Amino acid sequence: MFKDLSPILWTSHIEDTITFYKEILDFTVLEYNKEWQWAALKKDNTHIMLSKPNAHLNFKTPNFTGSLYFNVTDVESLYSKLKNKVKICYPISTFEWKMKEFAIYDNNGYILQFGQILQ
């Protein structure tokens, strides 16, 4: 049985990334270990971990080949709040599969998508 998923995003700038998720997206920092360069964040039922990669991993820049998709209850309100604070990947749009969504880039360049199912 899978219970949940908590992605770990690698970053060379962990404190800037904590600030982005905390101040822009209203996440709460559950734990930050400066020595380990690791943090756990939460917003509602969503958890994300941040980590500076270990030295043996040959990390240069974020290179995640996908996106993180957040299901939200009021996508228009969230878009209005974020659109002038972040770099937009694509603006709010309604798609034929009955989703209204938009996407932004976080401070590392990771794509974050936010969507709401339309009735």
*Would you check which residues across the range 38-64 are at pLDDT below 85 and either within 18 Å of Y21 (Cβ to Cβ) or not hydrophobic (A, V, I, L, M, F, W, C) (or both) and list them?*
N54, H56, N58, K60, T61, P62, N63, F64
*Within the range 79-107, which residues are in a loop (DSSP other than H, G, I, E, B), at pLDDT below 95 and at negative phi?*
E96, W97
*asked:* Within the range 1-20, take every residue that is aliphatic (A, V, I, L, M) and part of a helix (DSSP H, G or I) and give me the one that is nearest to the chain's Cα centre (by Cα).
replied: I18
*F2: without any contact (Cβ under 8 Å) to a residue 12 or more places away in the chain and over 27 Å from V75 (Cα atoms), yes or no?*
yes
*Within the set of pairs 6 or more residues apart or between chains, which connect a residue that is crowded, with 16+ Cβ neighbours inside 10 Å inside the range 86-102 to a residue that is part of a loop (DSSP other than H, G, I, E, B) with Cβ atoms less than 6 Å apart?*
K100/L118
*Examine the range 21-34 for a residue that is among the charged types (D, E, K, R), assigned to a strand (DSSP E or B), over 16 Å from the mean Cα position of the chain (by Cα) and within 13 Å of Q113 (Cβ to Cβ), and state whether such a residue exists.*
no
*So which of N63, N45, N107 is within 17 Å of E15 (Cβ to Cβ), open to solvent by 60 Å² or more (accessible area, probe 1.4 Å) and not hydroxyl-bearing (S, T, Y)?*
N107
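The values are calculated or read from the model by the stated rules, or taken from the named source; none is laboratory data. Since we're looking at a predicted model, the values are computed, not measured. Glycine also receives a Cβ, built like all others from the backbone with ideal geometry; neighbour counts cover every protein chain displayed. Protein only, heavy atoms only, side chains kept; ligands, DNA and RNA dropped before computing areas. Shrake-Rupley method; radii C 1.70, N 1.55, O 1.52, S 1.80 Å.
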